[in-house]
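Below: one structure, written as structure tokens.
Every number in this text was worked out from the coordinates using simple rules, so none of it is lab data. This structure is a prediction, so every number in the text was calculated from the model and none was measured. Cβ atoms come from the backbone with ideal geometry, glycine included; neighbour counts cover every protein chain shown.
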Amino acid sequence: MENPSQQHIRIEVSDGASIPDPKDRRIVTAWSISIFGAITSLILLCLLKSDPFWNMLQFVSDGVIVTFQVTIFSILLAIPIGMVTGLGRLSQVRAINLVASTYVEVIRGIPLLVQLFFIYYGLGRFFGVGGIPAAVIAMSFCYGAYMGEVFRAGISAINKGQAEAARSLGFNQSQTMRLVIMPQAWRTILPPIGNEFIAMLKDTSLVSILAVADIMRRGTEYAGQYFNYFEAFTLVALVYLIITLILSKGVSIMEARLNYYDR
Amino acid sequence: MTANTPIISLRNVYKFYGQLTALNDVSLDIYPGEKVVIIGPSGSGKSTLLRSINRLETVDLGKIVVDGVDVNDPATNINKVRQDLGMVFQNFNLFPHKNVLENLTLAPTKLRGMSQEAANLLAVELLKKVDISDKAAAYPSRLSGGQQQRVAIARALAMSPKIMLFDEPTSALDPEMIGEVLDVMVNLAREGMTMVCVTHEMGFAREVADRIIFMDKGEILEEGGPEHFFANPSHPRLQKFLQQIL
């Protein structure tokens, strides 16, 4: 019963949005204040000053789809990259371990913006990469490295006795990983992946520089046309805030659901 | 009781952890159907000895043969060997994400190619045997330590092993739960299972052991039947150990 693998472990690697505590049943929380404030402000601004706010919101809404496209493609690539990296970092084989660790060291040491420019402008000279593919490649390799750490931590948090029990039944190493370790590790890994998703969604604002028409880019375009920067970035900020707050609530609910076998 | 060929045979086995000698020239034969209990102070190497039988620990020198197979030979498929060696741990190590029934059926379906229905029937049978039929759908976290350990024994039995290894199976249990686990083990012994058990339960040793082995500092210092062992311990360190524990 005092099995450490059954304790609730929370891993936070990057500065993703903080997850609301799923056990907090109070109505007034940091989350509810933020979401209520953001939505009310947005509605009031659109109603009371429909020019420019309502017009801007319509203009920016195309960008929401692009932002989600870039984020979802990137996370779908980053998860397998992270899983391979995490397993590589845990490998006893020194060569594999070194490759995975070096990848993490190098990527973590270079700012995402530089990576974006390197792929779009640098590699673009040789291959001609479009804005969205370049963004997806850069984001997924960058976040794959961070996510490798999430996988590594999640897997090593599982009690050694679990692997021993599986091995002693006769499972080989990959069966042990697939049938016993990973299903348990997902529970610790998924919430931080949700967190990375939110962090990534915010970081996609960087790709506006590559002429990708995301929320940020659309806001900049509108502001450039009518010279109302204050209003434009107020709106852009509110749109990002509402999206990330909803997502962080989703992560929190998922986290609570994942603990089904502890109850 | 015993056939002529040992089912487990250790020859001049050594295991080192840095400066420490965990196993120091250990030789031991265990015959089919035999119940061997290993006792000794903590750090005496008894768990290391047990775990080296299914290669959860690799030894540095010497030879270990289980059912005719050299377990440390690189050509040996250790996973195949382990399928016939049930192991029960001090901390149960049930799979927390699977319910009791799934804990029992996972290995037979994936490793023995058993159908899910057949495995379920087998599991229900085994749960009856360890007297915990009503918990088939429960997750391990809902069970007491004694219940978890009985499920762990049933999980090992689901692979129909030839030998059962017990690594201090009652040491993590509250005193009132030790009896229910020992009962299961005694019944298993009566059915003729070959058992190797590291334990501090002297009552259990006296009741079921064909042979008791006393280890200290990585060496086997004394072995014999329970009558001899408790009545006339010859080695002074065993005498001292028995005084402390009884």
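Just to be sure before I move on: is residue B:178 in contact (Cβ under 8 Å) with a residue 24 or more places away in the chain and within 28 Å of residue B:112 (Cα to Cα) in the structure I sent? It is false that residue B:178 is in contact (Cβ under 8 Å) with a residue 24 or more places away in the chain and within 28 Å of residue B:112 (Cα to Cα).
Looking only at residues of the range A:218-263 that are assigned to a loop (DSSP other than H, G, I, E, B) and surrounded by 14 or more Cβ atoms within 10 Å (Cβ to Cβ), we find that the one that is farthest from the other protein chains (Cβ to nearest Cβ) is A:228. Residues that are away from every other protein chain (no Cβ under 12 Å), basic (Lys, Arg) and crowded, with 18+ Cβ neighbours inside 10 Å number at least 1 in the following helices (runs of 4 or more DSSP H) confined to the range B:66-170: B:145-157.
The selection criterion, being closer than 22 Å to residue A:160 by Cβ, over 20 Å from the mean Cα position of the chain (by Cα) and without any contact (Cβ under 8 Å) to a residue 24 or more places away in the chain, holds for residue B:110. In this entry, residue A:191 passes the filter for residues that are buried (at least 23 other Cβ atoms within 10 Å of the Cβ) and part of a helix (DSSP H, G or I).
For the range A:210-237, a tally of residues being closer than 15 Å to residue A:55 by Cβ and under 20 Å from the mean Cα position of the chain (by Cα) returns 1. With respect to residue A:204, is the statement that it is within 14 Å of chain B (Cβ to nearest Cβ) and out of contact with any Pro (no Cβ under 7 Å at 6 or more places or on another chain) true? No, not satisfied. Only residues in the range B:37-62 that are away from chain A (no Cβ under 14 Å) count as the first member; pair them with residues that are of a type in the set (A, V, I, L, M, F, W, C) and assigned to a loop (DSSP other than H, G, I, E, B), Cβ under 8 angstrom, at least 6 apart or cross-chain, and list the lot. Pairs that qualify, where the first residue is away from chain A (no Cβ under 14 Å) and the partner is of a type in the set (A, V, I, L, M, F, W, C) and assigned to a loop (DSSP other than H, G, I, E, B), are B:37/B:209.
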